[in-house]
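Reading through the structure tokens given below for one structure.
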Amino acid sequence: MKLKYSYIICLIAVPLLMVTGCKKNNKAAPEEPKKEDPVKGNESCKSCKLIKSAAELTALTLEPGDTILMGSGDWINQKLTLKGSGTTQKPIVLMAEKAGEVILKGSSSLSIDGSWLVVDGLNFKNGDLSVSKLNVVDFTVASRNCRLTNTAIVDYNPTDQTIDYRWVSLNGKNHRVDHCYIKGKAHLGPTVVI
């Protein structure tokens, strides 16, 4: 008898709960918060600096906690050098203005020279360093505790496949390379060297 009443109560209660649950969830979805421009007016990015060339990066005097935004678009034949000293709590960050939309081409390369430096969201694509014989991304011997993340290096090959250069060269100490995409190396030499 108890089982019969439990069954009847379930048949009545479950649809009732479903109907009241639907009424509660029938409200309009809340608006998503507006995303602020990372350079203008964002309280968390007071120290952001927007650059459009390697020369602008070189001209900066960087302090712990600074964020440098590379303007979206094609960066052709740019020899970037990120040089500075951040701290554990306040690294110096070089990042794409919009992830994946900073495309480094031609003979573009990046040298990471300092401590507690982070490079985030760059895209090296269809380049050729056969003339400069630099590495695509080079952590210098003096560098310490630096990081390369969310970065892609794709088809960065010279026309002469016997040319030898590395795509990522980890000199120095205590570095981290994570969440990166590396594809299409077709010339001599290792892809990543530690």
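The values are calculated or read from the model by the stated rules, or taken from the named source; none is laboratory data. As the structure is a prediction and not an experimental result, all values here were calculated from the model. For neighbour counting, all protein chains shown are included, and Cβ atoms are generated from backbone atoms with ideal geometry for every residue, glycine included. Note: areas computed on protein heavy atoms with side chains; ligands, DNA, RNA excluded. Shrake-Rupley method; radii C 1.70, N 1.55, O 1.52, S 1.80 Å.
When the residues of region 91-115 are narrowed to those that are open to solvent by 40 Å² or more (accessible area, probe 1.4 Å) and in a strand (DSSP E or B), which ends up farthest from H175 (Cα to Cα)?
By that ranking, first place goes to K105.
Do you know which residues across region 164-186 are buried (at least 16 other Cβ atoms within 10 Å of the Cβ) and at positive phi?
Within region 164-186, just G172 meets the criteria.
Let me spell it out: the conditions are (1) at pLDDT below 95; (2) open to solvent by 70 Å² or more (accessible area, probe 1.4 Å); (3) of a type in the set (S, T, Y), and T88 meets all of them except one. Which number is the exception?
The single condition T88 does not satisfy is (1).
Only one of (1) under 15 Å from T191 (Cα atoms); (2) outside any strand (DSSP E or B); (3) at pLDDT 95 or above fails for F124. Which number is that?
In the conditions (1) under 15 Å from T191 (Cα atoms); (2) outside any strand (DSSP E or B); (3) at pLDDT 95 or above, F124 misses (2) alone.
I need a count of the residues in region 131-146 that are open to solvent by 30 Å² or more (accessible area, probe 1.4 Å) and either outside any loop (DSSP other than H, G, I, E, B) or farther than 18 Å from N174 by Cα (or both).
Qualifying residue count for the region: 7.
How do the pairs read when you match residues in region 140-163 that are on the phi > 0 side of the Ramachandran plot and touching a residue at least 40 places away in the same chain (Cβ under 8 Å) with residues anywhere that are assigned to a strand (DSSP E or B) and among the charged types (D, E, K, R), using Cβ under 6 Å and keeping only pairs 6 or more apart or on different chains?
Close Cβ pairs (under 6 Å, with a partner that is assigned to a strand (DSSP E or B) and among the charged types (D, E, K, R)) amount to N150/D120.
Out of the residues in region 147-162 that are in a loop (DSSP other than H, G, I, E, B) and open to solvent by 30 Å² or more (accessible area, probe 1.4 Å), which is farthest from N123 (Cα to Cα)?
Selected residue: T162.
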